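Nothing in this text is a laboratory measurement; each read-out follows from the coordinates by a stated rule. In this text, all values refer to a predicted model and were calculated from it rather than measured experimentally. Neighbour counts are summed over all protein chains in view; Cβ atoms, including those assigned to glycine, are modelled from backbone coordinates with ideal geometry.
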Amino acid sequence: MRRKIPESTLPKIIRSQMITAEGLQKLRDEHDHLWRLERPETTAKVSWAASLGDRSENADYHYNKKRLREIDKRIRYLCNCIDNFKVIHYHPNQEGKVMFGAWVDVKNEAKGLQKRFRIVGYEELTDNKDYISMDSPMAKALLDKTVGDVAIVQTKLGDFVWEILDIAYQK
């Protein structure tokens with residue numbers, strides 16, 4: 001049997017509450033999809049399965065009841081996110097500097113690597129392999145730097161040196 005660890009002993013993860021306008025729209029679209037489509041369909045399945053009688057051995061009932069709890073939990077989470085995130089819009093003052101929402105091209109000469117990614121909020125990372133979190137060591141090292149600057153990224157594996165090749169913003 002697994003013991004539950006008291007929440008007070010777990011380390012608090014502090015994440016930035018920033019999001020791009022596109023990221024917020026994705027969250028709203030997901031919320032609408034869950035609320036208008038998936039939840040009513042799942043509720044109908046639970047009602048149908050419950051009408052069959054004995055629920056103790058009714059797999060449809062148990063599966064859909066569990067799915068309904070998952071949907072409700074995600075909807076509550078999305079409502080909280082939508083209400084609490086701060087949308088960061090592009091501003092011309094950002095040009096030339098690495099800031100939130102920037103697409104950044106970097107190169108590591110020692111490893112022979114070149115990467116391109118966008119700096120966004122943690123909630124936007126899902127399904128986006130070329131996005132990194134604003135709270136990541138790479139993003140923190142790059143913030144406020146300009147093209148040609150060198151950023152030293154400190155990780156558990158050691159320090160890595162990256163040169164900034166290009167900075168672009170979606171407008």
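Mind checking which of V120, V87, V98 has the largest fluctuation in a GNM of the chain, springs on alpha carbons under 10 Å?
Highest fluctuation of the listed residues: V87.
If one takes the longest principal axis of the Cα atoms in the chain, at what angle in degrees, from 0 to 90 and to the nearest 10, does the Cα axis of helix 59-84 lie?
For helix 59-84, the angle is close to 40 degrees.
For Cα pairs less than 8 Å apart in space and 6+ apart in sequence, what is the mean separation divided by the residue count of the chain, i.e. the relative contact order in percent?
On the way: 229 pairs, mean separation 38.0, N = 171.
Taking the mean separation of contacting Cα pairs over the length of the chain, I get 22 percent.
Using a 10 angstrom Cβ neighbour count of at most 14 plus a DSSP loop assignment to flag exposed GluC sites (Glu not before Pro), which longest range of the chain is free of such sites?
Answer - 110-171.
Please report the net charge: other residues with Cβ closer than 15 Å to the Cβ of A110, K and R +1, D and E -1. It would help to have the intermediate numbers written out before the result.
Working: positive: K107, K111, K115; negative: E109, D159, E163.
Local net charge: 0.
Suppose we take every Cα in the chain and form the convex hull; what volume per residue is that in Å³?
Measuring per residue, one finds 179 Å³ for the Cα hull of the chain.
Only Cα pairs under 8 Å and at least 6 apart count here; give the relative contact order of segment 97-171 as a rounded whole percent.
On the way: 145 pairs, mean separation 26.8, N = 75.
Once normalised by length, the contact order is 36 percent.
Check which residues have an amide H placed less than 5 Å from Y131's amide H, if you skip close sequence neighbours.
R118
Given H placed on each backbone N at 1.01 Å, which residues far from K145 in sequence or on other chains put an amide H within less than 5 Å of it?
V98
In whole Hz, with x marking every Gly and Pro, tabulate ³J(HN,Hα) for segment 16-23 from phi via Karplus 6.51 cos²θ - 1.76 cosθ + 1.60, θ = phi - 60°.
Per-residue couplings from phi come out as 5, 9, 9, 8, 7, 4, 5, x Hz.
What whole-number value in cubic angstrom gives the convex hull volume per residue for the C-alpha atoms of segment 124-171? Walk me through the numbers before you get to the answer.
Values: hull volume 4.9 nm³, N = 48.
It comes to 102 Å³ per residue, whole-number rounded.
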